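The values are calculated or read from the model by the stated rules, or taken from the named source; none is laboratory data. As the structure is a prediction and not an experimental result, all values here were calculated from the model. We place every Cβ from the backbone using ideal geometry, glycine too, and count neighbours over all the protein chains shown.
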Amino acid sequence: MKIRVDMAKCETHAQCVFAAPEAFALDDDDELVYDPGPDDGLRAKIEQAALMCPVQAIFIEQG
Amino acid sequence: MRRIAIVGAGLAGFSAGRELRRLGFDGDLTVIGAEPHRPYRRPPLSKEHLLADDDLTLRGADEIGATWMLGRAATGLDLERRAVLVGEAAVAFDGLVIATGLRAKTLREGADLPGVHVLRGLDDARGLRRELGAGPRTVVVGGGFIGSETAATLRGLGLEVTLVTGTPVLRSVLGAEAGAIAEARHREHGVTIRTGRVTGVSGTGRVERVHLDDGRTVPADLVVAALGSEPETEWLRGTGLGGEGGVIVGPDGLAAPGIAAAGDVARWPHPLHSGRTLRIEHYANAAEQGAHAARALLGRTSRYAPLPNFWSHLYGRRLQALGFTGADCDSRLVAREPGHRFIAEYRLRGRLVGVAAAGFASALPEYRRRIAAELA
Ligand SMILES: Cc1cc2nc3c(=O)[nH]c(=O)nc-3n(C[C@H](O)[C@H](O)[C@H](O)COP(=O)(O)OP(=O)(O)OC[C@H]3O[C@@H](n4cnc5c(N)ncnc54)[C@H](O)[C@@H]3O)c2cc1C
Ligand code: SF4
């Protein structure tokens, strides 16, 4: 699956890191790093992360 | 299970509906919501939303194939007929999710005077925003998260803000050390902090002053009452499901056969809290517990033991808290750096049970592992 995070919106709340640590992490400078093409098996976790992001910065690309 | 009703169109209700569909529930889904709005994000209401009317709608509500009854409050629950009463109408169900959240407590006297506001919903925030030009003297009553944030946001607009609080700012939720940092930041930014208990407000045609229990008054053009909230369970009267402390949910996620509850309204025995019952009034919990309620209704019971997880804003810094951080814990500052960054740790009987941090986001995932391990 393909995902995108709007980095202009992201406030490094780390909710996505808690919900799907396989795809999201924070680096030492408190910046979000993520896998734009996570495994399809992670879909449920990624969808949960997108819901939990307080600023709705996570987009799951269709197709 | 062919018909599922969700009462409360907030984050928990939406999350429940989404999870039901994800798990393959293809029957009728009806969402009943007292507010006229689709599910939206509430946290910005005391923060940036007081500055600009951004769209806070949660994405994806259109995709869950639900019948939305919005602007209609459930007025009762008929357990025998298994139906939610909505005025004259009745919505029959096989499964029910209770997700009605909280209502803001109001001042005992003068709550209806123009110029007096609470902050729980979108319409409250809009009403408050419309009145921001009413005059400069603003009094925020209550030193919890919402009072603290609202004071900071309104101060940022250049208003004269007095924060009246019975207990020191944020102390009950974050303990003495982090509370003192928050209080100092309010003072630096020119917020006047008054300790006292508010008995009411008064004025002729409009609020003019706030009364404290020692007889003093504080002049006010605008008052925001942030006195905390109580579970929205009026509509459950007579069913035995909703008490003052919320809707009690068993370890299986159900409050009664075929009836689940989630979000701010739900109270359950938390395995990480010595099994004592607890309600969590946080965004992340509403999203997670909503999904858990859906699983419970479909018979997929699992343990629900989330680590509480909260954030709050304070003058451009974000405070983040994990685990248990109340005033009953021993708290200690373990890092303090320029730019108002800090980490506070919380212990109960020597065990690390919580952390609060400003500006140390990347330390949190590791804290989360440690706290979860200590509490397990
Ligand atoms: C101003 C403010 C700031 C906040 N800031 C933060 C923050 O920074 N971080 C954080 O983690 N959390 C924050 N929260 C808390 C967070 O927003 C809540 O935990 C979350 O919204 C709970 O979701 P919920 O779905 O359980 O309840 P709600 O979002 O309250 O939704 C319940 C819905 O049910 C409806 N309802 C009530 N009664 C009935 C009825 N009889 N019939 C039909 N519908 C009914 C209500 O109108 C409401 O729309 C904040 C809350 C507020 C009010
Ligand atoms: S939850 Fe949202 S804001 Fe937080 S780090 Fe993830 S994408 Fe950024």
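Has segment A:29-39 got at least one residue that is surrounded by 12 or more Cβ atoms within 10 Å (Cβ to Cβ) and within 16 Å of ligand 1 (Cβ to nearest atom)? Checking segment A:29-39: not a single residue is surrounded by 12 or more Cβ atoms within 10 Å (Cβ to Cβ) and within 16 Å of ligand 1 (Cβ to nearest atom). The set of residues in segment B:180-207 being crowded, with 19+ Cβ neighbours inside 10 Å and within 14 Å of B:Gly115 (Cα to Cα) consists of B:Val201, B:Val207. Among the residues of segment B:9-39, which ones are within 14 Å of another protein chain (Cβ to nearest Cβ) and either closer than 14 Å to B:Phe93 by Cα or surrounded by 19 or more Cβ atoms within 10 Å (Cβ to Cβ) (or both)? Passing the criteria: B:Gly10, B:Leu11, B:Ala12, B:Gly13, B:Phe14, B:Ser15, B:Ala16, B:Gly17, B:Arg18, B:Glu19, B:Leu20, B:Pro39. Can you pull out the residues in segment A:1-27 that are among the aliphatic types (A, V, I, L, M), surrounded by 15 or more Cβ atoms within 10 Å (Cβ to Cβ) and either more than 8 Å from ligand 2 (Cβ to nearest atom) or within 11 Å of chain B (Cβ to nearest Cβ) (or both)? Selection gives A:Met1, A:Ile3, A:Ala14, A:Val17, A:Ala19, A:Ala20, A:Ala23, A:Ala25, A:Leu26. Checked against (1) outside any loop (DSSP other than H, G, I, E, B); (2) free of Cβ contacts under 8 Å to residues at least 12 places away in the same chain; (3) within 27 Å of B:Ile98 (Cα to Cα), B:Pro365 passes all but condition (3). Kindly check whether there is at least one residue in segment B:266-280 that is part of a helix (DSSP H, G or I), crowded, with 16+ Cβ neighbours inside 10 Å and of a type in the set (A, V, I, L, M, F, W, C). Looking for residues that are part of a helix (DSSP H, G or I), crowded, with 16+ Cβ neighbours inside 10 Å and of a type in the set (A, V, I, L, M, F, W, C), one finds none in segment B:266-280, hence no. B:Ile280 satisfies every condition listed in (1) touching a Ser or Thr at 6+ places or on another chain (Cβ under 9 Å); (2) under 29 Å from B:Ala363 (Cα atoms); (3) within 10 Å of ligand 1 (Cβ to nearest atom) except (1). Considering segment B:129-148, the residues that are crowded, with 23+ Cβ neighbours inside 10 Å and of a type outside the set (S, T, N, Q) include one that is farthest from ligand 1 (Cβ to nearest atom), namely B:Val139.
Please work out if B:Gly242 is on the phi > 0 side of the Ramachandran plot and at pLDDT below 95. So that I can check it myself, show each step before the final result.
Values: on the phi > 0 side of the Ramachandran plot: no; at pLDDT below 95: yes.
No, not satisfied.
If you go through segment B:210-240 and pick out every residue that is part of a loop (DSSP other than H, G, I, E, B), buried (at least 19 other Cβ atoms within 10 Å of the Cβ) and more than 18 Å from the chain's Cα centre (by Cα), you end up with 2. Within segment A:44-60, the presence of at least one residue that is at the interface with another protein chain (Cβ under 10 Å from one of its Cβ atoms), small (Gly, Ala, Ser), buried (at least 20 other Cβ atoms within 10 Å of the Cβ) and away from ligand 1 (no atom under 16 Å from the Cβ) is confirmed.
When you scan segment B:1-8, do you find a residue that is buried (at least 24 other Cβ atoms within 10 Å of the Cβ) and assigned to a loop (DSSP other than H, G, I, E, B), even just one?
Yes, segment B:1-8 has at least one match.
The single residue among B:Glu35, B:Glu80 that is under 19 Å from the mean Cα position of the chain (by Cα) and in a loop (DSSP other than H, G, I, E, B) turns out to be B:Glu35.
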